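To start, the structure under review is shown below, and the notes come after it.
What follows draws every value from the coordinates through simple rules; no lab data is involved. Predicted, not measured: the structure shown is a model, and the values here were computed from it. Don't worry about glycine lacking a Cβ; one is built from the backbone with ideal geometry, like all the others, and counts go over all protein chains shown.
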Amino acid sequence: MSKIASADRVSFAELLEFIRPRHRATLVTVKKSGELQISPVTCGVDDEGRIVISTYPERAKAANVRRTPAVSLCIHSDEWNGPYVQVNGTAELIDLPDSVEPLVDYYRSIAGDHPDWDEYREAMRKQGKSLIRVTVDSWGPIATGGFPPGR
């Protein structure tokens, strides 16, 4: 039996329900030249429904977000042939010292509680970590691969 492709339109609440357990994504930002830059990232969802990504301020994606905040993400399932969704949004880059508490929320959204939050906060400071926070503007259907209906 052939697998039939699907494309399910969902509400924002259903979108967040789909994304929360999925932490693998491909982030698309815009380079200074106008070309696209693609980065595989680990992501979470904060309490306000924004997609959050840890990064370093020197990374290309960080520089691109500073200049052009429009981004797209493809949120993948853990299994390669699993469902996925494209999300478009407006990103902001949060640097130290303001990034520390949002990075705690980022960690919590992906891995739950840390055994020593003070240690984690200090590690984020030492590493100079930043956070990309994406406010979702639009999204496509939750899609699965397969044959078109009727094939």
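Please state the relative contact order of the stretch 6-151 as a whole percent: Cα pairs under 8 Å, 6+ residues apart? Relative contact order here is 31 percent. Note: relative contact order over the stretch 1-57, using C-alpha pairs below 8 Å and six or more positions apart, is 25 percent.
Of the GluC sites (Glu not before Pro) in the stretch 60-151, the ones in a loop by DSSP (not H, G, I, E or B) with at most 12 other beta carbons within 10 Å are E79.
Check the stretch 1-137 and count each lysine pair with an alpha-carbon distance under 28 angstrom, considering only pairs eight or more places apart or from different chains.
Numbers: K31/K61; K31/K126; K31/K129; K32/K61; K32/K129; K61/K126; K61/K129.
Final tally of qualifying lysine pairs is 7.
Rounded to the nearest whole Hz, the Karplus-based 3J(HN,Hα) values (6.51 cos²θ - 1.76 cosθ + 1.60, θ = phi - 60°) of the stretch 134-147 follow the sequence 10, 8, 6, 9, 7, 8, x, x, 6, 10, 10, x, x, 7, with x at glycine and proline.
Please state the shape class of the stretch 63-139: rounded when a/c is under 1.5, otherwise prolate if a/b exceeds b/c and oblate if not, all from the C-alpha gyration tensor.
Judged from the Cα gyration tensor, the stretch 63-139 comes out oblate (a/c at least 1.5, b/c at or above a/b).
Once the Cα atoms are used to define both axes, helix 117-127 deviates from the longest principal axis of the chain by about 90 degrees.
Overall shape of the chain was characterised from the C-alpha gyration tensor. The equivalent ellipsoid obtained from it has semi-axes of 30, 19, 13 Å, in decreasing order.
Full extension of the chain segment joining I110 with V10 gains 33.7 nm, where the gain is 0.36 nm per residue of separation less the Cα-Cα distance.
When shorter helices are ignored and each DSSP H run of at least 4 residues is given -39500 (n - 2.57), the per-residue value for the chain at 222 nm works out to -7500 deg cm²/dmol.
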